[in-house]
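The values are calculated or read from the model by the stated rules, or taken from the named source; none is laboratory data. It should be emphasised that the depicted structure is a prediction, and the values quoted were computed from it without experimental measurement. So basically every Cβ, Gly included, is an ideal-geometry build from the backbone, and we count neighbours across all protein chains shown.
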Amino acid sequence: MGPGFWPVTFLMLALSLICAWYFLYGNIDWILPGASNPLTDRTNDIDALFKFMAVSSTAIMIFVAGYVIYFGVVFRARPGESREAVGVPVHDAPKLEFWWTVLPSLLLVVLTALSIVTWYKIYFGTAVPALTAEVIGHQFYFEYRYPGLKNSVYSKTEAMHLPVGVPVRILITSADVIHQFWVPEIRLKASGVPGLVQNLNFTPEHAGTYSIACSEFCGPDHSLMQGQLIVEPVAAFNAWLEKEKTAAAAGGGALNLAEGTADAGKATFAQKCSACHNNPPTPFDQKLVGPGLLHITDDPAHPNLVSGKPPTPENIADILQNGFNGPIGQMPNAQANGLSSKDIANLVAYLVSLK
Amino acid sequence: MHSDTAHETHEDHLDHGHIHPAPEGFIRKYVFSLDHKVIGFQYFFTGIFVLLIAGSFAELVRLQLTDPNGAIMSHTAYNEMFTMHGTAMVWMVLIPLVTGAIGNFVMPLQIGARDVAFPWLNMASFRIFPIAVATLFSSMLFGGPHAGWTEYPPISLADGTAGALWCMAIFIIGISSTMTGLNFMVTIMKMRAPGMTWTRMPLFVWATFATALMNMFATVALSVAVGALFLEHVFNVPWYDPARGGSPVLFQHMFWFYSHPAVYIFIIPAFGVVSEVLPVFARKPIFGYKMIAFSSMAIALLSFTVWMHHMFPAGIAPWLQLPFMILTYAIGVPTGIKIFSWMATLWAGRIYFTTAMLYAMGFLITFTFGGLTGIFLASVPVDLHEHGTYFVVGHFHYVVAGGAVMGFLASIPYWYPKATGRMLDERMGQIGFWLFFLGLNGTFGPMHWLGLEGMPRRYASYANFASQYPDAVFWNRFETACSFLMVASVGLLVFNIFWSMKNGKVAGINPWGARTLEWTISSPPPYYNFKKLPYVYGRPYDFDQPMPYQNTDLEIEAFPEYGKVVMPIPTAGAAAGAGAH
């Protein structure tokens with residue numbers, strides 16, 4: 001075998017066991033985020049599979065690298081040795097080859113079996129989901145839809161909400177190019193492919209705030225396509241959903257301008273308005289399709305809005321809600337533009353802030 | 001193969017009237033050449049040239065990521081850089097270098113042939129390679145492609161003219177690959193020296209044969225895929241655009257039906273190089289010759305059956321994921337057999353740590369690592385977490401840089417003496433190895449945990465991720481710093497290649513004491529390689545035996561200027577072999 005073969009082998013075995021112990025019992029949150037406090041039942045299943053693979057492949061890596069280095073050291077040609085000297089001329093060792101074919105094959109069979117069990121849980125393991133939410137990818141934000149909720153929720157300004165302890169199904173698709181919905185703590189992802197709906201099923205197990213990332217290249221600002229997932233207790237989730245529903249049902253009436261934030265409005269403006277209004281906003285006369293919206297509330301040349309009303313937040317919201325049809329052109333209404341009440345509030349806050 | 005028939009076939013084939021005199025003058029010798037060796041050099045230097053460009057793009061990508069908000073360029077420019085880096089490295093660097101350069105130079109020499117089967121086709125394959133390179137890089141004048149080396153529609157449809165040029169470049173280089181594959185396949189099947197049966201072929205030839213088959217059969221799928229994408233770009237034929245009834249997932253299927261074998265197209269020649277280098281510098285026979293040769297063929301076959309593992313979350317039916325997971329795991333078995341056989345080759349050898357050997361042993365470590373992370377990615381559930389993240393980037397680069405490139409880098413010092421007649425400087429070579437090995441692990445190692453933590457690939461900025469994992473900034477900077485070690489290594493190699501042409505030690509016929517056929521002729525080999533065709537009566541790995549070759553009487557009498565062709569001294573074994581023929 002070579003001098004010191006068994007001590008070296010035992011050393012590598014010990015090292016493998018230490019690594020195995022670390023993967024199984026150590027804190028590996030730095031490799032698998034939230035592994036010590038799994039967010040969903042799927043997190044648990046996938047982490048168990050990952051740990052099994054990590055333990056076995058770390059051992060294989062240690063033995064391969066260890067023996068390569070060990071053979072290199074003990075079988076190195078000594079200085080002064082004849083160039084004619086040759087190594088031991090073995091061509092094969094059928095028994096050895098049999099085992100190093102069979103054992104890895106068995107390991108792979110076990111791995112396949114474990115993977116299939118987990119795969120089954122992922123796709124068929126959630127009974128009838130109690131909540132089905134939809135995620136639609138856009139360049140470069142996620143849109144969320146909930147049952148009974150007329151308006152969508154946009155990720156740039158708002159988070160996705162999910163209740164704790166309720167089996168959920170997320171349906172994923174896209175409105176333009178291929179996107180991918182990924183929450184690292186859930187361990188699951190699916191591409192949003194235009195024209196195709198995929199689903200992910202899991203049950204969140206505790207509350208928290210997590211990032212949603214697009215992980216399929218979708219265009220220049222792919223890396224900015226980030227969302228937020230708020231997992232909250234059922235009561236809080238229901239309260240949030242009810243509030244959204246009331247706002248949606250009441251239409252413009254439920255519009256609460258005080259809720260709007262200029263920052264969120266700026267983002268919505270870039271998505272929704274910049275096709276027709278210069279972004280960053282310019283003075284009124286610098287038109288793209290519609291007029292420039294800088295100084296919308298304090299332009300001495302145009303004391304009133306195009307609707308002829310004074311530039312109060314309510315009147316600006318009115319144009320956003322109902323659109324405008326007049327001598328200088330047409331602007332679609334909120335429904336056609338896909339604006340929620342929240343969006344309108346945000347946009348008004350933003351436009352009013354432009355001085 | 002029965003030796004009598006082999007002999008006769010070759011005698012018929014070698015009608016002396018068809019042997020042209022060696023070309024003279026620089027232009028005829030090095031530019032318009034039909035010689036497989038010169039075409040190998042042409043591939044080599046063109047490939048290295050593109051490597052330097054594509055490598056500098058990679059450095060720009062790494063520099064951008066030293067800051068979570070993107071350090072040096074816009075998102076659009078970054079997207080163009082990683083797209084061009086990947087495209088150029090895969091199609092214009094790796095495949096031309098391992099098949100076109102090393103395969104062209106070494107394979108005909110190793111089978112005792114005077115050239116490839118179709119020298120004109122070989123020349124044509126090379127001729128269109130620079131055209132493909134020019135087409136690819138000209139796309140940057142039109143805004144450049146942006147959708148990554150995979151150019152998935154519908155996002156790639158936004159690339160316009162640049163996207164169409166990308167398709168053209170890949171289509172052209174695909175034709176080159178297909179022709180080379182056909183040429184090599186026929187060469188290996190029909191032009192082996194008398195007595196060289198399939199199981200007497202050097203393992204690099206086996207690897208080249210497996211690669212040739214994949215080149216021939218897989219590249220066609222890619223050509224069709226990018227051809228259709230081209231039609232969609234230019235003539236608006238809605239193959240892939242979902243808005244007009246096309247299927248974006250169809251492109252992914254066709255792309256990966258080629259691109260998974262493509263990974264093996266550049267890794268299997270590296271396997272071949274390692275299988276040559278390890279026995280020579282361990283001074284003992286390769287362990288498990290038949291199993292290594294068989295596993296190359298098994299991998300080549302299986303590589304056609306696993307493409308959907310790139311697409312687990314991409315929109316395929318869940319039940320369809322299972323067969324592809326199982327077949328992917330099946331590839332692990334022949335790969336494992338290879339790695340264990342190489343380790344057994346080292347056992348009880350007399351190991352000389354030359355540059356080539358260091359690269360081959362480094363390959364064993366880094367390629368094994370890349371293979372093991374592949375096991376993680378092949379499992380559907382774990383892949384649902386890892387797909388599209390930095391973990392994939394790390395895995396892929398361990399396989400490509402730690403596998404294919406390490407094998408390629410082992411082949412340079414190993415065959416450089418044969419190609420130029422001089423030794424590559426050992427000291428520079430060994431420094432280069434350590435720079436590359438450390439740089440590779442430092443650059444691609446941390447990518448694994450960054451990806452698992454939640455860093456997706458192809459991100460021009462990662463501010464949101466870095467706000468949750470502040471360590472990410474440190475590790476990205478660490479990777480960038482380490483990547484410059486690889487730059488230094490490649491720079492040193494290029495310098496060494498030119499420096500040693502003048503200053504290297506004169507190599508002689510067989511500086512390594514190797515036993516494959518190319519080491520029985522002068523360095524550099526004469527035009528037409530073998531004045532007398534050798535008769536082969538054994539495998540080239542028995543270092544305690546006499547060389548298993550003997551001259552036949554098939555000489556090129558008409559050209560005495562080729563000089564003396566040195567063949568091993570006949571022994572009892574040789575006489576027996578000669579008696580058989």
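A few notes on this one:
- For A:Arg145, the conditions (1) more than 14 Å from chain B (Cβ to nearest Cβ); (2) surrounded by fewer than 18 Cβ atoms within 10 Å (Cβ to Cβ); (3) within 24 Å of B:Asp383 (Cβ to Cβ) all hold with the exception of (3).
- Among the residues of segment A:48-93, those identified as within 30 Å of A:Val168 (Cβ to Cβ) and facing chain B (nearest Cβ under 9 Å) are A:Leu49, A:Phe50, A:Met53, A:Ala54.
- Of all residues in segment A:166-183, those satisfying the criterion of being at the interface with chain B (Cβ under 7 Å from one of its Cβ atoms) and touching a helix residue (DSSP H, G or I) at 6+ places or on another chain (Cβ under 7 Å) are A:Val177, A:Ile178.
- Scope segment A:118-133; condition at the interface with another protein chain (Cβ under 10 Å from one of its Cβ atoms) and free of Cβ contacts under 8 Å to residues at least 40 places away in the same chain; matching residues: A:Trp119, A:Tyr120, A:Phe124
- Enumeration of residues in segment A:201-225 that are part of a strand (DSSP E or B) and either in contact (Cβ under 8 Å) with a residue 40 or more places away in the chain or among the aromatic types (Phe, Trp, Tyr) (or both): A:Asn201, A:Phe202, A:Pro204, A:Gly208, A:Thr209, A:Tyr210, A:Ile212, A:Cys214
- Residues satisfying the stated conditions in segment B:146-180, i.e. touching a strand residue (DSSP E or B) at 6+ places or on another chain (Cβ under 9 Å) and hydrophobic (A, V, I, L, M, F, W, C): none
- First in segment A:279-302 and assigned by TED's automatic domain parsing to the domain that holds A:Thr268, second anywhere and among the acidic types (Asp, Glu), Cβ under 9 Å, 6 or more apart: A:Pro283/A:Asp299; A:Phe284/A:Asp299; A:Pro291/A:Asp285; A:Gly292/A:Asp285; A:Ala301/A:Asp285
- Test: residue in segment B:141-159 that is under 17 Å from B:Leu229 (Cα atoms) and more than 14 Å from chain A (Cβ to nearest Cβ): no
- Of the residues making up segment B:478-529, those that are within 14 Å of B:Arg422 (Cβ to Cβ) and touching a Gly at 6+ places or on another chain (Cβ under 6 Å) number 3.
- Counted residues, segment B:287-320 - those being within 17 Å of A:Gln198 (Cβ to Cβ) and aromatic (Phe, Trp, Tyr): 2
- Single match in A:Leu196, A:Leu288, A:Leu200 (criterion: aliphatic (A, V, I, L, M) and away from chain B (no Cβ under 14 Å)): A:Leu288
- Some residue of segment A:102-109 being assigned to a loop (DSSP other than H, G, I, E, B) and among the small types (Gly, Ala, Ser): no
- Per-region count, segment B:1-29, residues surrounded by 14 or more Cβ atoms within 10 Å (Cβ to Cβ) and at pLDDT 75 or above: 1
- Per the listing A:Ser191, A:Ser152, the residue uniquely more than 9 Å from every other protein chain (Cβ to nearest Cβ), touching an Asp or Glu at 6+ places or on another chain (Cβ under 8 Å) and either buried (at least 17 other Cβ atoms within 10 Å of the Cβ) or among the hydroxyl-bearing types (Ser, Thr, Tyr) (or both) is A:Ser152.
- For first residues located in segment B:27-42 and more than 17 Å from B:Arg114 (Cα to Cα), partners that are aromatic (Phe, Trp, Tyr) and modelled with pLDDT of 85 or more and lie 6+ apart or on another chain with Cβ distances below 6 Å form the pairs B:Gln42/B:Phe126.
- Helices (runs of 4 or more DSSP H) contained in segment A:257-355 and holding at least 1 residues within 22 Å of A:Glu158 (Cα to Cα) and among the aromatic types (Phe, Trp, Tyr): A:341-352
- Total residues in segment B:305-358, condition facing chain A (nearest Cβ under 10 Å) and within 30 Å of B:Pro511 (Cβ to Cβ): 17
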